[in-house]
Amino acid sequence: MPDGKSFSPSPEFASQAIAKPEIYAAAKSDRLAFWAEQARALHWAKPFTEILDWSHAPVARWFDDGELNVSYNCLDRHVIAGHGDRIALYFEGEPGDRREISYAELTREVKKCANVLTRLGVGKGDRVAIYLPMIPEAVITMLAVARLGAIHSVVFGGFSADALATRINDADVRVVVTADGGYRKGKASALKPAVDEALANDRCPTVEQVLVVKRTGEDVVWNDQDHWWHDEMAKASDEHEAQAFPSEQELFILYTSGTTGAPKGILHTSGGYLTQAAYTHKNIFDLHPETDVYWCTADVGWITGHSYVVYGPLANGASQVIYEGTPDAPHPGRWWEIIERYKVSIFYTAPTAIRSFMKLGREIPDKFDLSSLRVLGSVGEPINPEAWLWYRSAIGGDKCPVVDTWWQTETGAIMVSPLPGITSLKPGSAQTPVPGIEIKIVNEEGEEVPRGEAGLLTITEPWPSMLRGIWRNPGRFHEAYWSRFEGQYFAGDGAKFDDDGDIWLLGRVDDVMNVSGHRLSTAEIESSLVGHPWVAEAAVVGASDEITGQAVVAFVILRLDQVEAAGEAENISKILREQVSKDIGPIARPRQIMVVAELPKTRSGKIMRRLLRDVAEGRPVGDVTTLADTSVMSVISAKLADGASD
Ligand code: PRX
C-alpha cells in the first residue's frame, strides 16, 4: 500500500516473484560468483572457468574461456527443452495483419536465414547492416547473423540515407538487409530507396549484396546486388547447426550519439552481454515465461530493442508482442487494443509515450480491458512523478508495480532499477543499482557527494554487458568514458541519492540531448546545419518539452548574402530543418530554428549552451560573466522577445 511516497509490493506479488530479497546479499557477498551463477543459466557449449579478466581495463573479458552460440541460446535450446510450440512472437502489423510464430518456427526461419546469409558470403566476424521496419524478419536476421558469429549493425529505419551510408562505411559492411518499406502512420513508407541512395555511385564500396524483404509490395528499383528475401528463403535449407563461439566473440555494433560529431559504434560481445540481458529481463520484469505475455514497444534500431525485444526475452523463452507501427494508427487506443488482444502482462515503454497518452486523457485506455497487466516498465529518460503515477493508475489499474530502468547503449543492459517484488517503489526514481552493479555519485573531483546533493553517476566495477569499445576507435573509448575519473566509468548523467539512499537521475550533463528517449548529439546537428551554404554558425540545445522530454532548438547565424541571392528568405526555417532531416533523419529535425546575429561564447571561443537553453526555455538568462561579449545575450533575448525568431 502507498505510505504517502512509496508503494510496497503486494504480499501476493512478493511471494511469487522471481527475485527474492536475498539476491542483494548474494551479489554483495561475492559479486563475481554471483555473475557466474547468472551466466550458468545460459547454455555453454564449452563451460567457462574464468569469470572476469580485467587486466586489460577498461576492456573487460567475461567468461573468457567459455564458448556458446547466442542464437542457439535464444532458440534451439527452448525447442530441445520441449517448448517448441510456445509462441515466441505475436506480430501485429500496422495495417492489422497478424502472425504468430512459435519457438520451433522461429528457429527454422533463423536457420534458413543463416543459410541464406552464408550463401551471400557472410562468415564469422563479417558485418551485416540491418535496415528494416519492426517486423519479424528484423528479429530473424539479427539472430541469424549472431548464429554465424557475424556482427550486426542495426540502423533505425528513421535514419536517412546519409546516416546509413556513414554507418555502413564505418563498419565496412558486406551485406545489407532491408525491406521495400514498412507501414507507419497509416501508410506505406519506403525504405529501399534510402539503401539505393546510400549505395549509389560506389559510395559504400564494401557492400556486396542486399537482401530485400517484401513488406509493402510497392515498386522498387532493382540493382545487380539485390536479392528478394522470399526467393532466397524458399531455396534455403532449414537445417543449420549452430557452431559455438568464444564468449568474447563480437555480437553487434550499435551507433549512438556522443558529444562530438560522428556517431560512436558501440561494440558488444556475446557471453557477458547475453548473461546480463537475460538476468535483468527475468528479474526486473519478473518474467514467468510459461504464463506471461511481454511487450516492449522499442524498435530494434535502438539498444532497448536489442536487449529487451531480441536477446533478453528470447534467451528467457518469453512470449512477446512486436508491433510495427505508431501508437496512434489507426486510432489513439491502438496500444491498449493490442494489450487487450494478447493479454499482455508485462509492458515496457518510454516516458514520452506515457506523457502523450496522459495528455489525450484516460478515457482512451479506459475503453480497453487492461486487467492482464502485472508489471510496467519505463526507460529512456527520467520519468516525472506525475507521469509515473498516471501510468500506474490509468494503465496499471492501481495495482501494477512500475519499474523505472536506467541504462544506456553502452551499458548493454539495465543498471539501476527497482525489483518489483522487493522494492518499495518511489514515483520518479530509478532507486537501486541492480544486484551485481556498483554505482557511485561523485563531484567534479571524483569524491562521493553526500545524500541529497547532485553529482555525476559513475560505475565503479566492471559488469558483464558493458561495451567492449568503440568500433575501431580505442582512443575515443578511453577518452569518452574512462578519462574523467580514474578507474571509473563516467556515464554522462547527473544523479543524486535521496535521504533513503535511492537514486534519482537528473539528465545528461554533457552535450547529448534526449528527445523522446532518443539520443541526439548537439554537435552532429550543428555540423549538419553549418553544412548548408546559408549557415555561418550554429548552436543547438535541448530545450525541455512537456511531451518529448527535450526538443531540438537551433540558433543560427546566417550568411545573409547567400540567403538573399537564393531569394528564399521566408523559407529559411523549413529548408534548414529539411537539411537536418536529410543528413541524420526526421528524429533530429529541430523543433525551432532561431536566427541570431551572434552566439554567446566564452573568451576561449566555446559556445555557452547553458545560456541558449535559458532562452529556448523562456527563462531569464543566467550568469553571463564568462562571456567574451556580455551584451550578446541581451541582444538575443531582446530579439526573441520581439518575436523575431525564424
Ligand atoms: O541520460 C540517460 C537516459 O538515456 C541515456 C542513454 O541513452 P541510450 O543509450 O539511447 O539508451 C536509452 C535506453 C536505455 C542515459 O545516459 N536514460 C535512459 N534511461 C533512463 C534515462 N534517464 C533517466 N531515467 C531513465 N530510466
* Being of a type in the set (Val, Ile, Thr) and either loosely packed, with under 15 Cβ neighbours inside 10 Å or within 15 Å of Leu520 (Cα to Cα) (or both) is the filter here, so list the residues in the stretch 576-603 that pass it. => Val580, Ile584, Ile587, Thr602
* State whether one or more residues within the stretch 30-47 are out of contact with any Ser or Thr (no Cβ under 7 Å at 6 or more places or on another chain) and among the polar types (S, T, N, Q). => no
* Asked: How many of the residues in the stretch 67-82 are assigned to a loop (DSSP other than H, G, I, E, B) and open to solvent by 50 Å² or more (accessible area, probe 1.4 Å)?
  -> 0
* Give the stretch 393-407 a look and list any residue that's open to solvent by 10 Å² or more (accessible area, probe 1.4 Å) and under 27 Å from Ala27 (Cβ atoms), or say none. => Pro401, Asp404, Trp406, Trp407
* **Residue match in the stretch 373-383 (condition: over 29 Å from Glu438 (Cβ atoms) and modelled with pLDDT of 95 or more)** => yes
* Output the number of residues of the stretch 11-43 satisfying the condition of being in contact with a Phe, Trp or Tyr (Cβ under 8 Å, 6 or more places away or on another chain) and under 26 Å from His78 (Cα atoms). => 6
* Tell me the strands (runs of 3 or more DSSP E) entirely within the stretch 83-136 that contain at least 2 residues that are of a type in the set (A, V, I, L, M, F, W, C). => 87-92, 127-131
* Structure fact -> Within the stretch 484-516, residues being over 20 Å from Arg61 (Cα atoms) and open to solvent by 30 Å² or more (accessible area, probe 1.4 Å) number 13
* To do: Of all residues in the stretch 104-129, count the ones that are closer than 26 Å to Tyr183 by Cβ and either open to solvent by less than 30 Å² (accessible area, probe 1.4 Å) or without any contact (Cβ under 8 Å) to a residue 24 or more places away in the chain (or both).
  => 8
* Is there any pair with a first residue in the stretch 1-22 that is farther than 18 Å from Val402 by Cβ and a second that is open to solvent by less than 80 Å² (accessible area, probe 1.4 Å) and modelled with pLDDT of 95 or more whose Cβ atoms are under 7 Å apart and which are 6 or more apart or on different chains, and what are they? -> Pro21/Ile422
* To do: Could you pull out every one of the helices (runs of 4 or more DSSP H) wholly within the stretch 519-604 that has 2 or more residues that are within 16 Å of the ligand (Cβ to nearest atom) and within 30 Å of the chain's Cα centre (by Cα)?
  => 522-530
* To do: Need at least 2 residues that are more than 11 Å from the ligand (Cβ to nearest atom) and not aliphatic (A, V, I, L, M) per element, so show me which strands (runs of 3 or more DSSP E) inside the stretch 361-461 make the cut, counting only ones lying wholly within it.
  => 455-459
* To do: Just give me the residues in the stretch 65-93 being of a type outside the set (A, V, I, L, M, F, W, C) and in contact with a Phe, Trp or Tyr (Cβ under 7 Å, 6 or more places away or on another chain), in sequence order.
  => Asp65, Gly66, Glu67, Asn69, His78, His83, Gly84, Arg86, Tyr90, Glu92, Gly93
* Given the structure, is Ser345 out of contact with any strand residue (DSSP E or B) (no Cβ under 8 Å at 6 or more places or on another chain) and either within 13 Å of the ligand (Cβ to nearest atom) or of a type in the set (S, T, N, Q) (or both)? -> no
* Asked: Tell me, which helices (runs of 4 or more DSSP H) lie completely within the stretch 268-349 with 3 or more residues that are of a type in the set (Val, Ile, Thr)?
  -> 271-284
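The values are calculated or read from the model by the stated rules, or taken from the named source; none is laboratory data. For clarity, every value in this text was computed on a predicted model and none was experimentally measured. In this analysis, Cβ positions are derived from the backbone assuming ideal geometry, glycine residues included, and neighbour counts consider all displayed protein chains. These area figures cover heavy atoms from the full protein model, side chains too; ligands, DNA and RNA do not enter into them. Shrake-Rupley method; radii C 1.70, N 1.55, O 1.52, S 1.80 Å.
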